[in-house]
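Q: My structure is below; once you've seen it, I'll send some questions.
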Amino acid sequence: MSWSLDDGLINGVIAAAVWSVGQRPGVWGKMMTALDRGVRKTKEDSLDAFFFQAMVDRLLEEFHMLYPD
């Protein structure tokens, strides 16, 4: 798995996710497995596409909370 978004941003997102579930043995590897699974679900099969879609989904969530149909 590789990516072209800023490596610092990607590493920061992964580290924040690991810290949010609690650092314990094996969590980093499991997080990478989960990330790989998410990447494979994208049409582009890329980490950039995975994170882009996550950001779009989050923005839409906020939008719909502010402006419900």
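Q: Based on this model, can you work out whether Phe52 counts as aromatic (Phe, Trp, Tyr) and at pLDDT 95 or above? Don't jump to the end; show me each part of the working.
A: On the way: aromatic (Phe, Trp, Tyr): yes; at pLDDT 95 or above: no.
Judged against the criteria, Phe52 is not a match.
Q: Of all residues in region 44-68, how many are touching a helix residue (DSSP H, G or I) at 6+ places or on another chain (Cβ under 7 Å) and farther than 17 Å from Ile14 by Cα?
A: Count: 1.
Q: Among Asp36, Asp45, which is surrounded by 10 or more Cβ atoms within 10 Å (Cβ to Cβ) and in a helix (DSSP H, G or I)? First the steps, then the outcome.
A: Values: Asp45 fails: in a helix (DSSP H, G or I).
None of the other options fit; the residue is Asp36.
Q: Right, Phe63: among the aromatic types (Phe, Trp, Tyr), touching a residue at least 24 places away in the same chain (Cβ under 8 Å) and either farther than 19 Å from Val18 by Cβ or surrounded by 11 or more Cβ atoms within 10 Å (Cβ to Cβ) (or both) or not? It would help to see each step written out before you state the result.
A: Working: among the aromatic types (Phe, Trp, Tyr): yes; touching a residue at least 24 places away in the same chain (Cβ under 8 Å): no; either farther than 19 Å from Val18 by Cβ or surrounded by 11 or more Cβ atoms within 10 Å (Cβ to Cβ) (or both): yes.
Taking the combined requirement at face value, the residue does not satisfy it.
Q: Let me ask something else. Residue by residue through region 24-38, note down the ones that are of a type in the set (D, E, K, R) and closer than 21 Å to Ala49 by Cα. Spell out the reasoning first.
A: In the first step, residues of region 24-38 are kept if they are of a type in the set (D, E, K, R); the result is 24, 30, 36-37.
Correct list: Lys30, Asp36, Arg37.
Q: On to the next question. Go through region 21-51 and count every residue that is in contact (Cβ under 8 Å) with a residue 24 or more places away in the chain and of a type in the set (Val, Ile, Thr).
A: First, pick out the residues of region 21-51 that are in contact (Cβ under 8 Å) with a residue 24 or more places away in the chain: 32, 35-36, 39, 46-48, 51.
After this cut, where a residue has to be of a type in the set (Val, Ile, Thr) as well, the list is 39.
Residues flagged as in contact (Cβ under 8 Å) with a residue 24 or more places away in the chain and of a type in the set (Val, Ile, Thr) within region 21-51 amount to 1.
The values are calculated or read from the model by the stated rules, or taken from the named source; none is laboratory data. Remember, predicted model here, so these are calculated numbers, not experimental data. Note: ideal-geometry Cβ built from the backbone for every residue, glycine included; neighbour counts use all protein chains shown.
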